[in-house]
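Below you'll find the structure, written out as structure tokens, and then a few comments.
The values are calculated or read from the model by the stated rules, or taken from the named source; none is laboratory data. The model shown is predicted, which means the values in this text are computed figures rather than measured ones. Heads up, the Cβs are rebuilt from the backbone with ideal geometry, glycines too, and the neighbour counts pull from every protein chain shown. Note: accessible area is taken over every heavy atom of the protein model, side chains too, but ligands, DNA and RNA are not part of it. Shrake-Rupley method; radii C 1.70, N 1.55, O 1.52, S 1.80 Å.
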Amino acid sequence: MLDKNYDHKTVESRIYKKWEESGYFNPDNLPKRHKKPFTIIMPPPNANGHLHAGHALFVTLEDIMIRYKRMRGYKTLWVPGADHAGFETQIVYEKKLEKEGRSRFNMDRQDLYKEIYSFTLDNKKFVEEEIKILGASCDWSREKFTLEPEVVKEVQKTFKKMYDDHLVFRGKRIINWCSKHQTTLSDVETTDEEKKDAFYYIQYGPFVIGTARPETKFGDKYVVVHPKDSRYAQYKDGDTFEVEWINGKITATLIKDEAIDMDFGTGAMTITPWHDAIDFEIAEKYKLDKEQIINFRGKLLPIAGEFAGLKIAEARPKIIEKLKSKGLLVRVEENYIHNVPCCYKCKTPIEPQIMDQWFVKMKSLAESALKVVDDGKIKFIPDNYEKIFRYWMNNSIDWNISRQIVWGIPIPAKICTSCDFAFPDLKDKESQCPKCKGLLKKDTDTFDTWFSSGQWPLLSLGYSQGKDWKIFHPTDVMETGHDLIFKWVPRMIIFSLYLQKQIPFHTVYLHGLVNDAKGHKMSKSKGNVINPINIIDKYGTDALRMALIVGNSPGTDMSLSEDKIRGYKNFANKLWNIHRFINSNTEKITADLKKISSYSDKILLKELSEITKDITSDFEEYRFYLAAEKLYQYIWHRFADVIIEESKPILAGPDIKAILSRQQTLIVIFSQVITMFHPFMPFITEEIYQTLPIKDKNYLIITPRPK
RNA sequence: GGACAUUUGGCGCAGUUGGUUAGCGCGUCGCGUUUACAUCGCGAAGGUCGGGGGUUCGAGUCCCUCAAUGUCCACCA
């Protein structure tokens, strides 16, 4: 006799092991009917911590797609992975070092690398274990780590190829510099923080200029106004002035340029090309001098005179004091609210700096990606993300791919110490500059993680080392978070098109954030984090999966509450008890459609076939949230509440034929429903299916779905 | 400043191309132990679908407009 309470703990771990042993997670082991490939590349979770609710959501969604397609007879491949997550992991590790009173800045590069490597491998194990707990039916034999030697080699080859194709170049550009992390960041790695500062009006020769950053102004010797600004009509482009400035007299030159906003401040500004992107552009345009004012540690350089060596925050009030004493401070507007770009990890204000960095020329690549989307070759779910994608592709700027951190794939390049010429050197053989015969040094930078992640659909399939990519690339669905619509999705499209002239996937399914019950973002500091593994221990994977799926439409953030999860644990128990009822009423009977003779039973089957059709179309259209809810409704409120209740008098009645017909009907309906429902609650459905009286059973994971 | 979303009973959400009395879960209130399930069953209360205007025989669903909320992007020195 079965226990009247369903025990998820024993069932779930036992079943997962059986599935693994069956080998069916690997497409090569699937029965012959599985011919057409269906592939999903798992976005590799960062191997620097445990899984969170967002991971549980993506694993569930992808597993649903894979299980559905597998049961439909596809040769399904879901490639799991783990991401070394360059900058992200380095930051996690730096925090750990900080706690131990250590710092990466006084560590040997090799030692640091080794430490982070073993830290990452440890976390990778946790992550793998947790993905299994979530029920992921992915092919572990094909698991890829983003720092495997083959991956590194391929990524470096791509770099060389792009250099040869003039798509990668090294140049002095203005970049985003994080003074805390001592590295450059790409544009998508900065975030705006609202800050309240003072806004100063300062006399600059005959002009009054406005600034929130007086500490950058030491070297300013160009003042810019709009050519149509009547206030400055008496001055001509190129006029020079003697200006009494912070540390004495300088000669200033007037420039008239339309980049100026006449309505802002006084309509006149001085430029600091080394520390401002707009100023840099103006300086480039007119070939003006550029001078560094702030060093990479965020301290003032000797150009600041008496202020040299001071940090910006310390220097600012002192500089203002001096300007005041010299009578140059015109007025101060307090409470000036503006957005300041900051490091997306530590919120340190970004200090723009001019540096020699590697860049990818994005224009032609972005155009190629735009074209395949225009041609309808790649679809977005929900489709409004297509617009966001388009916007980004039309406005993409050159991509800085070098990072000054050790944790990542090394940029295989040499740089000339005398003429700065830089070029790829995959084999690390060159020692003399081909241009000036100067001494070469090895580039110590690593690639932006997205440079390698962008190639992941090919890399995870082995690319040039294996045959897999020829079978499984282009893949089918890329399922990922909507925040990666900029960071990741376009880059995968770009790289697959560039390297193989193929799209990497035909469908992009984007999920939203998993928030707490009240819709607030989960964060450790708020203490509202739902840990999926703890939840599973309490309610089971199946319950968590349902709670993550029902009512969660693509692209929108969802609220997850423990109440909701508990509700689906109850549902698991309901399923279990339906199963107990059916088992105890159908002893010594094997399912056989032909024995269903009564009219009312045939009506029930017809109803089921209509529901099946409806739910199948929901699956095909990626409406998992609807399919799951409809099945739930049918199972509980139609099958259990009505059909089973109606069956009780029939089964207890005198009509043998009617009893037999009803017994068959119950088995047929239940087994079909269980089969359809399997992608959502894989464990309990498999467990139940194994005890149903059906001939020639295999694992439910490869059982064909009803049509 | 721009873009994209969201707004449906106390809370969280469905409602797919406009079509009968707008659904679900949780919660609330009654009642209930009957061949599975009290992690349950039966029943009930509770919504003028953000405001306004329009199209239509018919609008939660389409169009216009306003508002609130959220997210992203850009940015003024």
Point to revise | Scan of region A:560-578 for residues that are of a type in the set (Ser, Thr, Tyr) and surrounded by 15 or more Cβ atoms within 10 Å (Cβ to Cβ), ordered by number | key: A:Tyr568
Practice item. Starting from region A:501-514, keep only residues that are polar (S, T, N, Q), then list their pairs with residues that are within 16 Å of RNA strand B (Cβ to nearest atom) and in a strand (DSSP E or B) whose Cβ atoms are within a distance under 7 Å, requiring at least 6 positions of separation or different chains. Key: A:Thr507/A:Lys379; A:Thr507/A:Ile381
**Study point:** Among (1) part of a strand (DSSP E or B); (2) of a type outside the set (Gly, Ala, Ser); (3) modelled with pLDDT of 90 or more; (4) within 11 Å of RNA strand B (Cβ to nearest atom) - the single one A:Asp192 does not satisfy
**Key:** (3)
Check your understanding: Any residue in region A:545-552 that is open to solvent by 40 Å² or more (accessible area, probe 1.4 Å), closer than 21 Å to A:Ile64 by Cβ and near RNA strand B (Cβ under 9 Å from one of its atoms)?
Key -> yes
Check your understanding: Among the residues of region A:666-707, which ones are among the hydrophobic types (A, V, I, L, M, F, W, C), closer than 21 Å to A:Lys588 by Cα and not in a loop (DSSP other than H, G, I, E, B)?
Key -> A:Leu666, A:Ile667, A:Val668, A:Ile669, A:Phe670, A:Ile674, A:Ile688
Review point. Taking only pairs six or more apart or across chains, which ones have beta-carbon atoms under 6 Å, a first residue in region A:685-706 that is in contact (Cβ under 8 Å) with a residue 24 or more places away in the chain and among the acidic types (Asp, Glu), and a second residue that is surrounded by fewer than 21 Cβ atoms within 10 Å (Cβ to Cβ) and assigned to a helix (DSSP H, G or I)?
Key: A:Glu687/A:Val11
Study note, to complete from the structure: Per the filter on region A:120-141, residues out of contact with any helix residue (DSSP H, G or I) (no Cβ under 7 Å at 6 or more places or on another chain) and open to solvent by 30 Å² or more (accessible area, probe 1.4 Å) are A:Leu121, A:Asp122, A:Lys124, A:Lys125, A:Phe126, A:Glu128, A:Glu129, A:Trp140, A:Ser141
Practice item. State all residues of region A:199-252 that are over 13 Å from A:Leu328 (Cβ atoms) and open to solvent by 60 Å² or more (accessible area, probe 1.4 Å); if no residue qualifies, say none. Key: A:Arg213, A:Lys221, A:Lys228, A:Ser230, A:Arg231, A:Ala233, A:Gln234, A:Lys236, A:Asp237, A:Thr240, A:Glu242, A:Thr251
Practice item. Of all residues in region A:314-347, count the ones that are open to solvent by 50 Å² or more (accessible area, probe 1.4 Å) and away from RNA strand B (no atom under 16 Å from the Cβ). Key: 8
Check your understanding: Which residue, of A:Lys521, A:Lys538, A:Lys467, is of a type in the set (D, E, K, R) and either under 17 Å from the mean Cα position of the chain (by Cα) or under 17 Å from A:Lys161 (Cβ atoms) (or both)?
Key -> A:Lys521
**Study point:** Single match in A:Lys363, A:Lys371, A:Lys387, A:Lys379 (criterion: farther than 30 Å from A:Arg297 by Cα and modelled with pLDDT under 90)
**Key:** A:Lys387
Exercise for review: Please tell me if A:Lys435 is out of contact with any Ser or Thr (no Cβ under 8 Å at 6 or more places or on another chain), closer than 30 Å to A:Asn515 by Cβ and either open to solvent by 10 Å² or more (accessible area, probe 1.4 Å) or of a type in the set (Asp, Glu) (or both).
Suggested key: no
Exercise for review: Return a yes/no flag: does region A:579-594 have any residue that is free of Cβ contacts under 8 Å to residues at least 24 places away in the same chain, over 15 Å from A:Thr675 (Cα atoms), near RNA strand B (Cβ under 9 Å from one of its atoms) and open to solvent by 20 Å² or more (accessible area, probe 1.4 Å).
Suggested key: yes
Practice item. Pull up region A:628-642, narrow it to residues that are more than 9 Å from RNA strand B (Cβ to nearest atom) and open to solvent by less than 40 Å² (accessible area, probe 1.4 Å), then point me to the one that is farthest from A:Ile603 (Cα to Cα). Key: A:Ala628
Practice item. Kindly provide the set of residues from region A:430-465 that are in a loop (DSSP other than H, G, I, E, B) and closer than 19 Å to A:Leu77 by Cα, ordered by number. Key: A:Gln455, A:Ser460, A:Leu461, A:Gly462
Check your understanding: What are the pairs, 6+ residues apart or on separate chains, where a residue within region A:370-397 that is closer than 14 Å to A:Asp483 by Cα has its Cβ under 9 Å from a residue that is among the aliphatic types (A, V, I, L, M) and open to solvent by 30 Å² or more (accessible area, probe 1.4 Å)?
Key -> A:Phe380/A:Ile388
